[in-house]
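The values are calculated or read from the model by the stated rules, or taken from the named source; none is laboratory data. Since we're looking at a predicted model, the values are computed, not measured. Virtual Cβ from ideal backbone geometry, glycine too; neighbours counted across all protein chains shown. SASA here: full protein model, heavy atoms, side chains in, ligands and nucleic acids out. Shrake-Rupley method; radii C 1.70, N 1.55, O 1.52, S 1.80 Å.
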Amino acid sequence: MRKIIIAITILFSIISNAQDKPKLVVGIVVDQMKMEYLYRFSSDFLDNGFKRLMNDGFVFQNTHYNYMPTYTAPGHASIFTGTTPSTHGIVGNDWFNKASGKDMYCTDDESVSMIGDGIESEGKMSPKNLQSTTITDELKLSTNFKGKVIGMSLKDRGAILPAGHFADWAFWYSKTGAFISSTFYGEKLPNWVIDFNNEKNYEKYINKGWELLKPKETYNESLTDNNPYEGKLYKKTPFFPYNLKDMYDNNDAGVLRSTPFGNNILADFAMKAIEKEQLGKDEITDFLTVSFSSTDYIGHILGPRSIELQDTYLRLDETIAEFLTYLDKNVGKGNYLVFLTADHAGAENVTYLKENKYDVTNVNYKTIKNDLIAFSKTTYGEDLVLDYSNYNVFFNKELIKIKGLELSKVKQEFTTYLYQQKFVKRVYSEEEILNASGSDFYLNFVVNGYDPVQNGELVIVLKPGYVEYSATGTTHGSPYTYDTHVPLLFYGWHIKKGESFDRKEITQVAPTLSQLLKITFPNGTKAELLQEILKKD
């Protein structure tokens, strides 16, 4: 009898060790999601969508980005590398690169080609500009490349950067309505992707149009339909219902991105990937990254107080519920680990704020650039401004030298000029950034987002409430809490129920995952951890 008990104990020990890691990790990023949305719309959420993650998982209530600019590409890179743009090198979505003297896009790669039924320029993408490893890279290394890693999004940058350098695949949505990839990952798409694309799944969403999910009175957390703070959706008046077929006929399948159904087709694709790639079917951990982008497209065009955005989140809630149910059935409860966060949050519409007596306004980056050029010509008789983008001012150092001017003096005179502008809060020089002591709160954000090889000689921080954008819709990019405060939820394998109100930083996600998976940290991270979900009861 004693031998039987010992044998059973050993067997349970073997099983326990085998299940010491999740079979599948799913990293969900919701583009431009404010933490507030989880509460503003909660009364209309299902019990098994966002609420399931919050009620049965661990909620970090006070998670922030710790750098600027708070854009999509740096956000995705920072979540999965556990470090900031100053280290991983993705300093914007696109930017003027001081070293090369050229504009560049975060995932551009002329050495690769598009594969799939897309447009060639959409597919010349890879992670080559990402300078740090990701948690997904470290998983590949730790499993001797046996664990599968797949990234997907409507956006190339939302698929490629989370998946890292060693991914099996990254897939993103084309204007043709197909999911595509590049030769960085393989010579042809997997057969299941080809089959999915051949089904033209986008058509079923376009043909049914976009009507409100629930009765109109449900949307009392938003402003009225077709309010003055909304832009137009493909030149259409922002008013329900939307004839998506008409939009498609006059444009292309890319219109799906700016509807909630962009999230739906991505979830359809994710579930197909789990099935066909057999993710989570053995004892070697796999990793799937899913970035929902429609929330960002709609937020930019229609703003954070639009009925369209609320409807998008109510529909995404249903999508999350369906996806979790699928994971339960196909991977098994307790076998998968899910985390959900956002790549940045978003500002209030400035026109709405101004009309409610807050003295702020929108500024156009082209106007800022043209005014800098005008100041330069008036002061020096020459245009000394090489570029202005992503809050960075770049100077033509050769011309400054030819004219016998001192760069330090030029920077100081431009700084003085910029401080005379109503929208400017701070101006930091390259020297101030590189020699920062840590006592200036907003300078720390600039330091963390600054790469001296790529960034400019001056960096501007706008005053709170001011945005570089149009008078309708909204944007993001600042170091203020309305852009930095994002949800962070963990659910599933070895995650106990709970919440924390302590301030956390987005760069803690990847190293915490490393500890949970017992693998090497991504190589650029400071390895600051979310202790609350690591502690054993």
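Contact map, segment 389-406: residues that are within 30 Å of T70 (Cβ to Cβ) and of a type in the set (V, I, T) paired with residues that are part of a loop (DSSP other than H, G, I, E, B) and open to solvent by 50 Å² or more (accessible area, probe 1.4 Å), Cβ distance under 8 Å, separation 6+ or inter-chain. No pairs are found. Could you tell me which numbered condition N390 fails, if it satisfies all but one of (1) open to solvent by less than 50 Å² (accessible area, probe 1.4 Å); (2) touching a helix residue (DSSP H, G or I) at 6+ places or on another chain (Cβ under 8 Å)? Single failed check for N390: (2).
Filtered by the rule that a residue be open to solvent by 10 Å² or more (accessible area, probe 1.4 Å), part of a loop (DSSP other than H, G, I, E, B) and more than 21 Å from F292 (Cα to Cα), segment 232-271 gives K232, K235, T237, F239, F240, P241, N243, N251.
With segment 435-537 as the region, which helices (runs of 4 or more DSSP H) entirely inside it contain at least 2 residues that are of a type in the set (A, V, I, L, M, F, W, C) and at pLDDT 95 or above?
By residue number, 441-448, 509-517.
As a summary of the residue check, F414 satisfies the conditions (1) over 22 Å from the mean Cα position of the chain (by Cα); (2) open to solvent by 10 Å² or more (accessible area, probe 1.4 Å); (3) more than 27 Å from E532 (Cα to Cα); (4) of a type in the set (A, V, I, L, M, F, W, C) except for the one numbered (2).
Residues satisfying the criterion are absent from segment 197-207 (criterion: free of Cβ contacts under 8 Å to residues at least 40 places away in the same chain and either surrounded by 19 or more Cβ atoms within 10 Å (Cβ to Cβ) or aromatic (F, W, Y) (or both)).
Going by what's in this entry, would T367 be described as out of contact with any Cys (no Cβ under 7 Å at 6 or more places or on another chain), of a type in the set (S, T, Y) and in contact (Cβ under 8 Å) with a residue 40 or more places away in the chain? Steps first, answer last, please.
Values: out of contact with any Cys (no Cβ under 7 Å at 6 or more places or on another chain): yes; of a type in the set (S, T, Y): yes; in contact (Cβ under 8 Å) with a residue 40 or more places away in the chain: no.
So T367 does not fit the description; no.
Restricting the search to helices (runs of 4 or more DSSP H) fully inside segment 68-126 and requiring at least 1 residues that are open to solvent by 10 Å² or more (accessible area, probe 1.4 Å) and out of contact with any Cys (no Cβ under 7 Å at 6 or more places or on another chain) gives 85-88, 120-123.
Residues are listed down the side, and each one gets a yes or a no for (1) small (G, A, S); (2) at pLDDT 95 or above:
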residue: D195; (1), (2): no, yes
residue: S222; (1), (2): yes, yes
residue: F239; (1), (2): no, no
residue: F261; (1), (2): no, yes
residue: A267; (1), (2): yes, yes
residue: A273; (1), (2): yes, yes
residue: L279; (1), (2): no, yes
residue: T285; (1), (2): no, yes
residue: D296; (1), (2): no, yes
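Among the criteria (1) open to solvent by 40 Å² or more (accessible area, probe 1.4 Å); (2) in contact (Cβ under 8 Å) with a residue 40 or more places away in the chain; (3) in contact with a strand residue (DSSP E or B) (Cβ under 8 Å, 6 or more places away or on another chain), the one E528 does not fulfil is (2). Criterion first (open to solvent by 70 Å² or more (accessible area, probe 1.4 Å) and either of a type in the set (S, T, N, Q) or at pLDDT 50 or above (or both)) does D47 satisfy it? Criteria met by D47. Among the criteria (1) touching a strand residue (DSSP E or B) at 6+ places or on another chain (Cβ under 9 Å); (2) aliphatic (A, V, I, L, M); (3) surrounded by fewer than 18 Cβ atoms within 10 Å (Cβ to Cβ), the one L384 does not fulfil is (3). One residue stands out in segment 324-351 among those that are among the aromatic types (F, W, Y) and surrounded by 20 or more Cβ atoms within 10 Å (Cβ to Cβ): the one that is farthest from E217 (Cα to Cα), namely Y336. Within segment 377-387, the residues that satisfy the criterion of being within 26 Å of G92 (Cβ to Cβ) and touching a residue at least 24 places away in the same chain (Cβ under 8 Å) are L384, L386, D387.
Quickly run through segment 321-357 and pick out the residues that are without any contact (Cβ under 8 Å) to a residue 24 or more places away in the chain and either within 25 Å of the chain's Cα centre (by Cα) or in a helix (DSSP H, G or I) (or both). Result: D328, K329, K354, E355.
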